[in-house]
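**Q** Have a look at this one.
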Amino acid sequence: MTEATNQGARQPRNAAATQSMRSAPDLSTALPSLEVDDIPQQGTPVISFDRVSKVYPAQPNRPALENISLQIYPGEFVFLVGHSGSGKSTLVRLIIRELRPSSGTITIANEDLGSMRNWRVPYLRRNIGCVFQDFKLLPNKTVYENVAFALEVIGKNRNVIRTQVPEVLRLVGLQDKLDKLPDQLSGGEAQRVSIARAIVNRPPLLVCDEPTGNLDPQTSRGIMDLLERINRTGTTVLVATHDREMVDNMRRRVIALERGHLTRDQQRGVYGFDV
Amino acid sequence: MSSLAYFIKQAFQGFTRNLSTTLGSIITIFLSLFIIGLFLAGAIVIDNIVKSVESEVSITAYVSDDAKQTDINAMEDYIKGLDGVANVSFTTKEQALEDFRNMSSNAEIVDELGGNPLPASINIELSDPQMVQSVADQIETSDLFKKIADEDNPADSLKYGQRTVERLFSVTNYVRYIGIALIVLLVFISLVFINNTIRLAIMARRKEIAIMRLVGASNGFIRGPFLMEGALHAVIGALLAAGCLELLRHLALPRLQASLAFLPIGIDGNTFLLIYLILLAAGLVIGLIGSAFAMRRYLKV
């Protein structure tokens, strides 16, 4: 545990409001605080970073992430904010072990990613849903097939696929578009499909890298509502974004990165960067 | 089990996706295996011939027309006394002509010859095939044989299996080296071709693979279809090669046997079955190694 570096994020729930007022900029107090239940931060962290640094070989003098320590607990909804190049995507890719940290340890659900054997990585990823800005849908498969594909390739049997896929598509509101191809969908619908694919296996953790980066504000609002609904079912959600409006409206825990450093970690936070 | 079905389905889809390269790799495997098969069959035929020649471990010493009967008798006695000699007999010029007439299909040629060009000979049967060379050497160096030998050089008047075997070996060795070089080359080409085909298949499914990794498909599951595809190409190539060999066996082999009646070419069906199995196994190995190479280089999982 590295509480000292977390800038007060590790507070009991009744102190959370005052805590955010103290450490956040004036903007935080100016905005209305929404009625959001605080998630008690207890149990084993889903994600735990301990003094993690990542240096890309191409830029040895400028670490993408430096000395990051943070804990994210089950059921939390966390925004990861920062400018382009601040290290948001690097952090996301470290969580799904697409990258390995240069130093420090990352623990996901009690498993140390550093000592994890390569063949175990797929089983880690089955427990992490991933959503990206560019949807990553297969253009020659229908909406239904795209979602079913995620279950097929992890060896789920046909009955499971037949019941879970329509169910998850109903959850994201695409029950009428099962037979559409991705290029017949709007951006918002495509992102819903990719969210459906990410959660169809019911992972305890959903990681989104700029899920609304390609979408207009109204559609983004819809996507965020969806993520919030998913969070309400108990899924831990981590959203890397630079969508100021979204972060300010939802007032959830915010972790801010600036040039690879963790600069702020607050409950009910705001975007907080001057654009 | 269901993932095996998935692999096979994907492999067949890869088939239609890159038809030209797929055909290319199948044809190279087919040709390599076909030639390997031909050489295997040829090696077995040659082995049979060598064995049959070796089993005829007799020495024939040709005797000059003007050799004295007493010298011939003395020679026979001398040979009888040698180690490893089982039996000695004498064939006169007339007998030789008669034998030749019986052997060749049309006796008229023999009649038209007028005289009798065939020499008389002493036939030596050996009890031990290993002794051929030493017995032949002893006959060759004996003064008596120099006197009665058909040719000026006594060595030329001696005919025995060992020499034929040696000559066969020197020929077959060359053939074998050429064959091995050819096979190595063809196997290499097939590996390159399969490697390339699988590389294209991987490229074509790049996006799919990225998503499979994202949602946690196991490495084996991602690799499976490509291994299956390589193996499928190899098996099809092997089956084609086996089919062509089977065709050759039924069409060409009887004719070859007919024109080379004195050589025991015959290979039985079991041997051919073995050859086909070897081809199938070799094809599978080529296919799997080829696709494994491609995956090592282009499929980071």
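**Q** With each pseudo-label sitting 7 Å past Cα toward Cβ, what's the residue B:78-residue A:84 distance in nm, one decimal?
**A** Going from the residue B:78 label point to the residue A:84 one covers 10.5 nm.
**Q** Taking the simple approach of a point 7 Å from Cα along Cα-to-Cβ for both residue A:229 and residue B:8, what is their distance in nm?
**A** Simple spin-label model gives 4.2 nm for this pair.
**Q** Oh, and also: Compare B:44, B:178, B:26 in a GNM of chain B, Cα atoms joined below 10 Å, and give the one with the largest fluctuation.
**A** Highest fluctuation of the listed residues: B:178.
**Q** In a GNM of chain B with a 10 Å cut-off on Cα contacts, which of B:98, B:125, B:76 has the highest mean-square fluctuation?
**A** In the Gaussian network model the winner is B:98.
**Q** Further question: Can you give the angle from 0 to 90° between the axis of helix B:269-298 and the longest principal axis of chain B, with both taken from C-alpha atoms, to the nearest 10?
**A** Once rounded, one gets 40 degrees.
**Q** In segment A:96-169, which chymotrypsin sites (Phe, Trp or Tyr not before Pro) are in a loop and have at most 10 other Cβ atoms within 10 Å, using DSSP for the loop call?
**A** Filter output for segment A:96-169: empty list.
**Q** Across peptide A:141-152, how many C-beta atoms of other chains are within 10 Å of each residue C-beta, on average?
**A** 2
**Q** Just from its helices, what would the mean residue ellipticity at 222 nm be for the protein assembly as shown, if runs of 4 or more DSSP H residues each count -39500 (n - 2.57) and the sum is divided by every residue, rounded to the nearest 500 deg cm²/dmol?
**A** Helix contribution divided over all residues of the protein assembly as shown: -17500 deg cm²/dmol.
**Q** Can you compute the label reach from residue A:59? Point 7 Å from Cα along the Cβ direction, backbone N cut-off under 13 Å, restricted to segment A:253-272.
**A** Counting backbone N atoms under 13 Å from the label point, the list is A:258-261.
**Q** Using 0.36 nm per residue of separation minus the Cα-Cα distance, give me the extension gain between residue B:181 and residue B:258 in nm, one decimal.
**A** Fully extending the segment from residue B:181 to residue B:258 adds 24.6 nm.
**Q** How high is the relative contact order of chain B, in percent, with contacts defined as C-alpha pairs under 8 Å that are six or more residues apart?
**A** Across chain B, relative contact order equals 33 percent.
**Q** Sticking with this one: For the residue pair residue B:111 and residue B:23, what label-to-label distance in nm results when each label sits 7 Å from Cα along the Cα-to-beta-carbon direction?
**A** 6.2 nm
**Q** Something else: Tell me the volume per residue, in Å³, of the convex hull enclosing the alpha carbons of the protein assembly as shown.
**A** Residue-normalised Cα hull volume stands at 229 Å³.
**Q** So how strong a dipole does the protein assembly as shown carry about its Cα centre when Lys and Arg Cβ are +1 and Asp and Glu Cβ are -1, to the nearest 20 debye?
**A** That gives a dipole near 4860 debye.
Values quoted throughout were computed directly from the atomic coordinates according to the rules given, and no laboratory measurement underlies them. In this text, all values refer to a predicted model and were calculated from it rather than measured experimentally. Positions of Cβ are backbone-derived with ideal geometry, glycine not excepted, and every protein chain shown enters the neighbour counts.
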